[in-house]
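Scroll down for the structure; my scribbles are underneath it.
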Amino acid sequence: MEYENLTLHTDKYQINMMYAHWKNNSHNRQAVFDAYIRKNPFRNGYTVFAGLDRIVHYINNLKFTEEDIDYLRQQEENYEEEFLDELRRFAFTGNIYAMREGEIAFPNEPFIRVEARIFEAQMIETAILNVMNYQSLIATKASRIKQVAGNDTLIEFGTRRAQEADAAIWGARAAYIAGFHGTSNMRAGKLFNIPAKGTHAHSWIQDHDSEEEAFANFAEALPDQSVLLVDTYDTLRSGIPNAIKTGEMLETQGKKLKAIRLDSGDLARLSIEGRKMLDEAGMDHVEIMASNDLDEEVIMHLKMQGAKIDSWGVGTKLITGARKPALGGVYKLVAREDENKLIPVIKLSEDLAKVTTPGPKKVYRIINRRTNKSEGDYIALSYETVNDKPLKMFDPFFPQKFKYVHDYEAIDLLKPIFINGKQVYDLPPLEEIHRYHEEQLSYIWPETLRLLNPQTYYVDLSYELWKMKQDMMEKHSME
Ligand SMILES: Nc1ncnc2c1ncn2[C@@H]1O[C@H](COP(=O)(O)OP(=O)(O)OP(=O)(O)O)[C@@H](O)[C@H]1O
Ligand SMILES: O=P(O)(O)OC[C@H]1O[C@H](OP(=O)(O)OP(=O)(O)O)[C@H](O)[C@@H]1O
Ligand SMILES: O=C(O)c1cccnc1
């Protein structure tokens, strides 16, 4: 796939800071930033990390074109020509560590760590957050829907209601990571190798003299995959009986009707009645698909009512992350270079949960070897070793709450993606990302995964990191 050059896809304040650093001759100093969220969306117990693929291509394609340089020159007369020359030579030369796509991630732990010249690290903030926040939001919404739908087929139908074209295709991809089986968007299908699926619209029926004729013509054209939309006039009195007639017609040709689609009315009642009618006509192989403003809540309620629905088309509420229009991921400076040494930095806040955690850090998932489940995540300074000694895990806000973990494996979640500007990570195919996601879910206790009132997952700090944070908070509070 051709990835666009998104170099100017940044906020002006980043370029202003780059310019000010350049003027102050501080632009080559090293800096470390963490990208993380403070809260899971949808009151969920976890977030599905997505967006790495696009971020990697964004970094590889960073280059200010002559057109970009001309634009910057016109846009801000303060920018000196030598600065613009510096931008002409711009490329990413630092390190990026990130979680793998599909990872089960939690608030207050870095999803991505960037180590680079401040000149570079500052500029890429905007695009990294833009991509990570949207794709992770949609992957998390899709994951909630997947939990309710179980093994039923899930098709993403959102393009027409998505917040524009990019959101449609990257949202379709995020949904696939979390367990959707297909998308209606052909471009997403082509770009990402997602199965593209489709039925037909009401316009197909309206465009014929009768529903019966419309079904017959559609089934003639696409006999092996016809899914007939049965709610244009009267689902039980005309739509399903006409679909059955079409099924019978196909059977005379040795073919089979695939499914019917319900798109309005009481989907529980109509699916139960529809199932009976199809079965009585000897068409128990004909599946029932439903659509119409579905989300995890409606699907759950339909299942509770005994709905006989085999597959679900989910559009608007998935692709727009309904009820949570944006994931609030942030990108915070955690270390800077001073006299050739990296020193940790902190940002204080009245709200303790908003105080940043200083220093370059690693995130470990602590898997209990006995249960094969995670005991929580453990954030340590990059140079610390977390090995087989018993690990004390304590709540960073209530350190008197602690536990010791004995027989565990500490999995380092942040993988090297770029080292010295060179991509060192092979982006896996989407199918593999989905499998990885499923496997990671299996390490998390159901208490954290449940949709309603999930238990808060432990994201703990090593003692050394916790102490450093406390000391820095104290020092700055006294200043
Ligand atoms: N049995 C059910 N239980 C709970 N929610 C349902 C049930 N059946 C349908 N819904 C959902 O209720 C919402 C509203 O459905 P509503 O009946 O207003 O739409 P509609 O039938 O499409 O109306 P219209 O005919 O005007 O298009 C949709 O999100 C739909 O998925
Ligand atoms: O409800 P969503 O979850 O957003 O899923 C997508 C919706 O888009 C279509 O309706 P639309 O009225 O746009 O077109 P139609 O004429 O084909 O029904 C489809 O029938 C779904 O209801
Ligand atoms: O294939 C479908 O049925 C479909 C596609 C997009 C939106 N709504 C429905």
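Below is a table of values for the structure above.
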item: Qualifying residue in the stretch 91-101 (condition: in a strand (DSSP E or B) and open to solvent by less than 20 Å² (accessible area, probe 1.4 Å)); result: yes
item: Any chance GLY179 is over 20 Å from the mean Cα position of the chain (by Cα), outside the structural domain of ARG43 (by TED's automatic domain parsing) and either outside any helix (DSSP H, G or I) or within 16 Å of ligand 1 (Cβ to nearest atom) (or both); result: no
item: So LEU327, is it in contact (Cβ under 8 Å) with a residue 40 or more places away in the chain, surrounded by fewer than 19 Cβ atoms within 10 Å (Cβ to Cβ), assigned to a loop (DSSP other than H, G, I, E, B) and not aromatic (Phe, Trp, Tyr); result: no
item: Condition met for VAL459 (touching a strand residue (DSSP E or B) at 6+ places or on another chain (Cβ under 7 Å) and open to solvent by less than 30 Å² (accessible area, probe 1.4 Å)); result: yes
item: Residue tally, condition within 14 Å of ligand 3 (Cβ to nearest atom) and open to solvent by 10 Å² or more (accessible area, probe 1.4 Å), over the stretch 160-184; result: 5
item: Some residue of the stretch 241-256 being within 14 Å of ligand 2 (Cβ to nearest atom) and open to solvent by less than 80 Å² (accessible area, probe 1.4 Å); result: no
item: Filtered residues of the stretch 238-266 (kept if within 16 Å of ligand 1 (Cβ to nearest atom) and assigned to a loop (DSSP other than H, G, I, E, B)); result: ASP263, SER264, GLY265, ASP266
item: Positions within the stretch 405-439 being over 24 Å from the mean Cα position of the chain (by Cα), under 14 Å from ILE55 (Cα atoms) and surrounded by fewer than 13 Cβ atoms within 10 Å (Cβ to Cβ), in sequence order; result: LYS422
item: Only listed residue being within 16 Å of ligand 2 (Cβ to nearest atom), outside any loop (DSSP other than H, G, I, E, B) and either modelled with pLDDT under 95 or not polar (S, T, N, Q) (or both), chosen from LEU137, LEU154; result: LEU154
item: Test: residue in the stretch 428-438 that is in contact with a Leu (Cβ under 9 Å, 6 or more places away or on another chain) and assigned to a loop (DSSP other than H, G, I, E, B); result: no
item: Selection count, the stretch 302-321, where residues are within 16 Å of ligand 3 (Cβ to nearest atom), over 13 Å from the mean Cα position of the chain (by Cα) and assigned to a loop (DSSP other than H, G, I, E, B); result: 3
item: Test: residue in the stretch 313-321 that is within 16 Å of ligand 2 (Cβ to nearest atom), open to solvent by less than 50 Å² (accessible area, probe 1.4 Å), of a type in the set (Lys, Arg) and on the phi < 0 side of the Ramachandran plot; result: no
item: Any chance LEU87 is closer than 24 Å to LEU6 by Cβ and open to solvent by 10 Å² or more (accessible area, probe 1.4 Å); result: no
item: Test for LEU342: is it more than 9 Å from ligand 2 (Cβ to nearest atom), surrounded by fewer than 19 Cβ atoms within 10 Å (Cβ to Cβ), outside any loop (DSSP other than H, G, I, E, B) and not hydroxyl-bearing (Ser, Thr, Tyr); result: yes
item: Condition met for ILE309 (within 14 Å of ligand 1 (Cβ to nearest atom), in contact (Cβ under 8 Å) with a residue 12 or more places away in the chain and surrounded by 21 or more Cβ atoms within 10 Å (Cβ to Cβ)); result: yes
item: Subset of the stretch 1-29 (residues that are among the aromatic types (Phe, Trp, Tyr) and either under 15 Å from ASP85 (Cα atoms) or assigned to a loop (DSSP other than H, G, I, E, B) (or both)); result: TYR3, TYR19, TRP22
item: Residue list for the stretch 218-240, filter: aromatic (Phe, Trp, Tyr) and either open to solvent by less than 70 Å² (accessible area, probe 1.4 Å) or in contact with a Ser or Thr (Cβ under 7 Å, 6 or more places away or on another chain) (or both); result: PHE218
item: All positions within the stretch 271-306 that are open to solvent by less than 10 Å² (accessible area, probe 1.4 Å) and more than 10 Å from ligand 1 (Cβ to nearest atom); result: GLY274, LEU278, MET283, VAL286, ILE288
item: Residues that are more than 12 Å from ligand 2 (Cβ to nearest atom), outside any helix (DSSP H, G or I) and either assigned by TED's automatic domain parsing to the domain that holds ASP53 or in contact (Cβ under 8 Å) with a residue 60 or more places away in the chain (or both), drawn from the stretch 185-230; result: ASN193, ILE194
item: Single match in ALA259, ALA268, ALA290, ALA243 (criterion: assigned by TED's automatic domain parsing to the domain that holds GLY158, small (Gly, Ala, Ser), under 37 Å from the mean Cα position of the chain (by Cα) and more than 14 Å from ligand 3 (Cβ to nearest atom)); result: ALA268
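Quick grid of which residues meet (1) touching a Gly at 6+ places or on another chain (Cβ under 9 Å); (2) in a strand (DSSP E or B); (3) not aromatic (Phe, Trp, Tyr):
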| position | (1), (2), (3) |
| --- | --- |
| PHE64 | no, no, no |
| LEU72 | no, no, yes |
| GLU82 | no, no, yes |
| ASP85 | no, no, yes |
| ILE128 | yes, no, yes |
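The values are calculated or read from the model by the stated rules, or taken from the named source; none is laboratory data. Everything quoted here is computed from the prediction, not taken from an experiment. Using ideal geometry, Cβ is built from the backbone for each residue, glycine included, and neighbour counts are taken over all protein chains shown. SASA here: full protein model, heavy atoms, side chains in, ligands and nucleic acids out. Shrake-Rupley method; radii C 1.70, N 1.55, O 1.52, S 1.80 Å.
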